[in-house]
1. Could you grab the pairs with beta carbons closer than 9 Å, sequence gap of 6+ or different chains, first residue in segment 156-167 and under 20 Å from Thr117 (Cα atoms), second one open to solvent by 30 Å² or more (accessible area, probe 1.4 Å) and acidic (Asp, Glu)?
2. State whether the residues of segment 290-307 include one that is in contact with a strand residue (DSSP E or B) (Cβ under 9 Å, 6 or more places away or on another chain), open to solvent by less than 20 Å² (accessible area, probe 1.4 Å), at positive phi and touching a residue at least 12 places away in the same chain (Cβ under 8 Å).
3. Give me the residue from segment 119-135 that is without any contact (Cβ under 8 Å) to a residue 60 or more places away in the chain and hydrophobic (A, V, I, L, M, F, W, C) and, out of that set, farthest from Ala99 (Cα to Cα).
4. Only one of (1) open to solvent by less than 50 Å² (accessible area, probe 1.4 Å); (2) at pLDDT 95 or above is not met by Ser108, so which one is it?
5. Within segment 117-142, work out how many residues are open to solvent by 10 Å² or more (accessible area, probe 1.4 Å), part of a strand (DSSP E or B) and closer than 16 Å to Gly212 by Cα.
6. Taking into account only those residues within segment 323-339 that are open to solvent by less than 20 Å² (accessible area, probe 1.4 Å) and part of a loop (DSSP other than H, G, I, E, B), which is farthest from Arg371 (Cα to Cα)?
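The values are calculated or read from the model by the stated rules, or taken from the named source; none is laboratory data. Computed from a predicted structure; not experimentally measured. Ideal geometry is used to build each Cβ from the backbone, glycine not excepted, and the neighbour counts take in all protein chains shown. Note: areas computed on protein heavy atoms with side chains; ligands, DNA, RNA excluded. Shrake-Rupley method; radii C 1.70, N 1.55, O 1.52, S 1.80 Å.
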Amino acid sequence: MPASQPGTVESTPQKHGAIAGATEVAEPQFHLVAVDSVGQASMLDLLGGTDTQLGSVAPPLHVTSDGRFVFAASANGVQIIDSGVWTWNHGDHSHYYRAEPTMVGTVSGEGAATVATGLLSTAGTTGLFFPSSGSAVLLDNAALSNGTITESLRLDVAPHSGIIAALGEGAVVTEADANGNTARLRAIDAGGRELTTAECPAAAGTITTRVGLVIGCADGAVIATSDGTKPALEHVPYPAEATAPATSFAGRKGRPTVAGLGKDAGVWLLNTRDVSWSWLPTATPVLAAAAVDDEAGHVVVVGSDGTVQVYDGRSNKPISSTAPLMPATLAEPELLGKVDLTVDGERAYVSAPAEGLVFEIAYADGARIARTLTLPTQPVHLVETGR
C-alpha cells in the first residue's frame, strides 16, 4: 500500500492521532479487512480499489477492530494486524491518516478472548479477556501504534466468560460468582485498585460510544463514565415487557445510539445520551444489526432470509429492503454466525462468506446495492478500518 497520496500533508508525531511515519490525508481512508477460515488476511481500499495481502494469523474464532487495528482471536491468543489507516475524531472535526500495514504480534492466552476497543487507536487502551484462564489484559494503544505490544495492566481473576474494557485511565472488569457466572462489574484504576462496583448478571457484549462504555446485562445494561477522578456505573433497566436481552452491540463508530442483538425477530436500541431503551420489531429474525444514528435514524439489519433491511429507528417503520443476497451462505448453518455487518456515515458492508462477496449497501438510498466487492481472501470474518 502506498504511504502517501497527492495533496497530503506530512503529519506531526503524537499530534491529533498522528504517529511517526504516517501521512495525514484529506478524507477517511476506508478499507475492508477480510480473514478466511485458515487465517489468511487481506485488505481492500474502498476508495482506490486496490487490494493488499496482509499475511496470516492462527485460524480465528472471531475478529474485532477499533477502526485501525484488527484483533484476531483464536483458542490460544490474539494476533494483531495494523491496517495502517485510521481516523482521529477531534470533536468538531477529524484527522485522517495512512501508513504501511503491518503484522504487530500476538498476545498469548487461554480461550478465545473477548476484545473491547475504544474510540481512539493511538491513545488509551484495548481490553483482552481470556475466559479459560481469567487473564484480563489492557494493551497500550500508543505502543501498538509504534508496532510494540505493551501491557499496561494484567489481572488474574476467576475464569469465566468475562470482559475488561477501558474507562478513563483504568477499566471496568467483570467478576464471576461462586458458580462461575458473570455477576458483577468492578471499575478499577490504572493499577487495578477497585473504585466502585455494580451488579450485572450474565454480562455480555460491550461497546464504547461518545457518551461512555456500554456493557450488556441480563436485566439491561450498564453505562460506565468517568470524569477523570471517579467512575460512575449507571444501570439502565429494560422496559417491563422486555424479551430476550441483547448480548452484542454495534453501531457507527462514536455515535451515542447502538443496536443490541438478542435472539428474537427484533433489535434493541440503546440511546446512551438519553439513557433509554427502545425495541425495534423486524420482519425476520436477525443475523446482524447496527445503528447508523444519523439524522434520519437509520438502523441496518441483516435478516435470516439473507435480506438487508433498513428501518427508521425513531418511528420503528421499515424503509427499504434488498432481495435475498446470500443463498449459499444461508445453506450452510455454520456460516450464519459469520455474517458480518459494518456501517459508516454513507454505506453499510455485509459479508456473504460462502459466496466470497461483500455487498456495499447505500442504506439511505433505498437499500441500493452500490457495489459487489471481492477481496483476495474469503470474508469469513470482515471488519472495516479507516474509521
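1. His160/Glu175; His160/Asp177; Gly162/Glu175
2. yes
3. Checked segment 119-135; the qualifying residue farthest from Ala99 (Cα to Cα) is Phe130.
4. (1)
5. Summing the residues that are open to solvent by 10 Å² or more (accessible area, probe 1.4 Å), part of a strand (DSSP E or B) and closer than 16 Å to Gly212 by Cα in segment 117-142 gives 1.
6. Filtering first and then ranking leaves Val339.
Residues are listed down the side, and each one gets a yes or a no for (1) assigned to a loop (DSSP other than H, G, I, E, B); (2) small (Gly, Ala, Ser); (3) at pLDDT below 95:
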position	(1), (2), (3)
Ala18	yes, yes, yes
Glu24	no, no, yes
Leu32	no, no, no
Gln53	no, no, no
Ala73	no, yes, no
Thr87	no, no, yes
Asp92	yes, no, yes
Tyr96	no, no, yes
Val115	no, no, no
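Quick grid of which residues meet (1) more than 20 Å from Asn141 (Cβ to Cβ); (2) open to solvent by 60 Å² or more (accessible area, probe 1.4 Å):
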| position | (1), (2) |
| --- | --- |
| Val25 | yes, no |
| Pro28 | no, no |
| Leu32 | yes, no |
| Val35 | yes, no |
| Gln40 | yes, yes |
| Gly55 | yes, no |
| Arg68 | no, no |
